Structure formats: structure tokens, C-alpha cells
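Data first, discussion second: the structure below is written as C-alpha cells.
The values are calculated or read from the model by the stated rules, or taken from the named source; none is laboratory data. The model shown is predicted, which means the values in this text are computed figures rather than measured ones. FYI the Cβ positions are ideal-geometry reconstructions off the backbone, even for glycines, and counts take in every protein chain you see.
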Amino acid sequence: MQPTDTLRIHNFSSLEPGPRLIVLGGVHGDETCGTVGIERTVAELDRGELALVRGQLTLLPVANPLARRLGRREGERNLNRSFQPTPAGAEPADHEARLTDLICPLLDRHEVLLDLHSFQSAGEAFAMIGPRDNDGSLEPFGRAFEEGQLALHLGTSTVVEGWLDIYAAGLAQRAGGRPASEAELAFGWGTNEYMRSRGGYAVTLECGQHLDPAAPDVAHRAIHAALRLLGMIDADPNSANRRPSSPSLLRLVSVTDRDHEEDQFVREWATFDEVARGEPIGVRADGQVLQAERDGFIVFPNSTALPGTEWFYFAVASDRDLMARR
Ligand SMILES: [Zn+2]
């Protein structure tokens, strides 16, 4: 018999009104640091070592229990894609659609999402934020300042901006310049895009390499930092003067798929390895050398990516100022 997968959701509600924060771990099954950071926080709340003084806190340690049980990134597919509820009257298409149908209404009841992840290659923790304030059609948004403040307070040395726009550009590139359809774009939606579409804001924290023993601490500290920033727990007396870090800010500009099992990197890249324009990054199965199109940084290199999925991202220095209100 198949084990039954259930979602375990912890909710703490202060009697004082305040912000509504939800923290997700294990959206990808092989990323365990967020789960550990969340479990630690639940234990602290249970023991009274941590007190929620205002607002509502929801903690979901394992967002994809099937993927966790399998020890894999995905269950039947990547939970962090097509993250929108199944339309009324339709049947959920797969396991992840059923999870999405449970998690979306949960996100709807909150205004801030902290989504805890880890990555495959070596590299330091970093935070990912969405678009700048805009009223465009792709991802309209009006809470970029709050989102940037949350990212700053998580304490990583790097913050990366942009996802849906380069995803859309990647789709258009593959289609020979034809703009992506709404259905194609919907596939690019993850938890953060959904949260922003519901009037909230969201930060993804990549806590380090999957097996980095420091990654659970990064996740745990980040939950505390978010709670403190939002005024949901009392300030830590030992860090009364804690100021946000001043991380370097990068902007994702492209994503390159691995097309073939014999597509190889020229060396073992780590996230944020710097490359100069023209520098070789990888070699395609047919011998074509992929070179950096400009000076920039490798992000999420995945030497074991399945053909047809993301091989690496490319980022450049950003001119965004996270302290500026506009
Ligand atoms: Zn992940």
C-alpha cells in the first residue's frame, strides 16, 4: 500500500492583530534545510522560548510530501511551476495540482511569504525577489519596497531579482521570437508569483547547497529575521542595533536549458562564479561552445539537469536600490 501523504500545517495566531506571514519548506523534496528551520521554530514556539506578540504565523514544513518521501526535487512534477488553483469544475491534473489546490487558499490568507529552498551546486545562500513596482501585464506589482526590505533583513550577501521576465524571454526565444501565450507563461508561475498576484509579497531564500550543514541555520535565522522585521516577535536584545546587510544585487538576464545528456560544463561552476564576456561556459553535444554573452555571473548551474530543463542561469549586476521607496 502507498503511504498516505498529508500536509502538516502549523498555525499560530496572536490575539494582537498584525502581519500574516507564511513560511514554506520542502517545495522541492530534496531540499530539507527549510523543513529543519521550520521544525526548530515550531519547537521554540511550543516551548515558549519564542512568543508571537502580534499577527498570524503559518508554517508548512514539507510542502511536497511525495517528493520528500522519494528524496527527489519533484513528485510527479515540479511543485514550483503552474502554481495556480485548478479552475472550478476541472479535475486537478496531477499530484502537484492537488497540493497547489490546498496551498493556494493558505497563501490567500497571508500577505507575506518566505519560501525556503536550497540548490544543487556549491555556493553561498542568497535571496530572490520579484519585479520592481510596475503596472505592466506580465507581473504587475506594488510592494517592491517591502519585498526588498524583507530580502535585506534575511542577511545574505547576495540578492537576485527577476524571474518571470527572463522566463518569458526564454519562452519567446525558443519560439523564434513569438511572444509567449498566457498558458505558457502560467507554467512559469511559482509560489512567489502566485503570492504577488494575490496582493502579497514574497521572497525565496536559497539557503545554500542541499547538504550544506549550515543551511538549516540559515533557514532558521531567516524565519526569526522575518518575524522581527514584521514586529511579530520582540526584538532580540543581543541584536538591538542590527541593521540590514548591504548585499550585492544581481539581476537574472537569461536561462539556458540543457538540451542533451552530453551537454557538459567546461568546469564545475558554483553559483555566483564570475565570468567575462566571451568566456566559455559549456559545450553542447554537437561541439558548440556556449560563451558568456557579457560580463556576469553563473547562477544555479546544474550539471545533472535533465535534458529540456534549466542548465544554468546568467545574472548581471543590478542598478536597483532596495532602500529606495520608488
Ligand atoms: Zn528549490
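Of all residues in region 168-201, exactly one satisfies the criterion of being among the basic types (Lys, Arg), over 28 Å from ALA226 (Cα atoms) and touching a helix residue (DSSP H, G or I) at 6+ places or on another chain (Cβ under 7 Å), namely ARG178. Out of curiosity, is GLN173 at pLDDT below 95, of a type in the set (S, T, N, Q) and either surrounded by fewer than 22 Cβ atoms within 10 Å (Cβ to Cβ) or not in a loop (DSSP other than H, G, I, E, B) (or both)? So GLN173 passes the test. Would you please name the residue that is farthest from TRP163 (Cα to Cα), looking only at residues in region 51-95 that are part of a helix (DSSP H, G or I) and within 16 Å of the ligand (Cβ to nearest atom)? Ranking the qualifying residues of region 51-95, first place goes to LEU70. Among the residues making up region 106-122, none is buried (at least 22 other Cβ atoms within 10 Å of the Cβ) and over 25 Å from ILE9 (Cα atoms).
Residues considered: ASP236, ASP217, ASP259. Of these, the only one that is more than 23 Å from the chain's Cα centre (by Cα), outside the structural domain of LEU306 (by TED's automatic domain parsing) and not β-branched (Val, Ile, Thr) is ASP236.
Of all residues in region 104-118, those satisfying the criterion of being within 15 Å of the ligand (Cβ to nearest atom) and either out of contact with any His (no Cβ under 6 Å at 6 or more places or on another chain) or on the phi > 0 side of the Ramachandran plot (or both) are LEU113, LEU114, ASP115, LEU116, HIS117. Only a single item in (1) in contact with a Ser or Thr (Cβ under 8 Å, 6 or more places away or on another chain); (2) within 15 Å of the ligand (Cβ to nearest atom); (3) closer than 20 Å to ALA63 by Cα is not met by SER121, and it is number (3). Might you let me know whether region 36-45 holds any residue that is within 23 Å of SER82 (Cβ to Cβ), within 16 Å of the ligand (Cβ to nearest atom) and among the small types (Gly, Ala, Ser)? Within region 36-45, none of the residues are within 23 Å of SER82 (Cβ to Cβ), within 16 Å of the ligand (Cβ to nearest atom) and among the small types (Gly, Ala, Ser). Scanning region 197-226 for residues that are closer than 28 Å to PRO85 by Cβ, among the hydrophobic types (A, V, I, L, M, F, W, C) and part of a helix (DSSP H, G or I) yields ALA219, ALA222, ILE223, ALA226. For GLN209, the stated conditions hold: it is surrounded by 19 or more Cβ atoms within 10 Å (Cβ to Cβ) and closer than 25 Å to THR309 by Cα. For first residues located in region 289-306 and on the phi > 0 side of the Ramachandran plot and touching a residue at least 12 places away in the same chain (Cβ under 8 Å), partners that are hydroxyl-bearing (Ser, Thr, Tyr) and not in a loop (DSSP other than H, G, I, E, B) and lie 6+ apart or on another chain with Cβ distances below 7 Å form the pairs PHE300/TYR313. Filtered by the rule that a residue be without any contact (Cβ under 8 Å) to a residue 60 or more places away in the chain and outside any loop (DSSP other than H, G, I, E, B), region 142-161 gives ALA144, GLU146, GLU147.
Evaluation of ALA43 against the conditions (1) of a type in the set (Gly, Ala, Ser); (2) in contact (Cβ under 8 Å) with a residue 60 or more places away in the chain; (3) outside any loop (DSSP other than H, G, I, E, B) shows that the sole unmet condition is (2). Quick check on PHE272: is it over 12 Å from SER121 (Cβ atoms) and of a type in the set (Phe, Trp, Tyr)? Answer is no for this residue. Entry remark, region 54-66: residues being within 17 Å of the chain's Cα centre (by Cα) and closer than 19 Å to THR4 by Cα number 5 in total.
From the list TRP189, TRP269, the lone residue that is under 22 Å from the mean Cα position of the chain (by Cα), of a type in the set (Phe, Trp, Tyr), in the same structural domain as PRO307 (by TED's automatic domain parsing) and surrounded by 20 or more Cβ atoms within 10 Å (Cβ to Cβ) is TRP269. When region 91-121 is filtered for residues that are closer than 16 Å to PHE187 by Cα and not small (Gly, Ala, Ser), the ones remaining, listed by number, are PRO92, ASP94, HIS95, GLU96, ARG98, LEU99, THR100, ASP101, CYS104.
Meeting the requirement of 2 or more residues that are assigned by TED's automatic domain parsing to the domain that holds ASP263 and within 21 Å of CYS207 (Cβ to Cβ), the strands (runs of 3 or more DSSP E) wholly within region 279-326 are 296-299, 309-317.
Given (1) surrounded by fewer than 19 Cβ atoms within 10 Å (Cβ to Cβ); (2) at pLDDT 95 or above, identify the lone condition not met by ALA88. The failed condition is (2).
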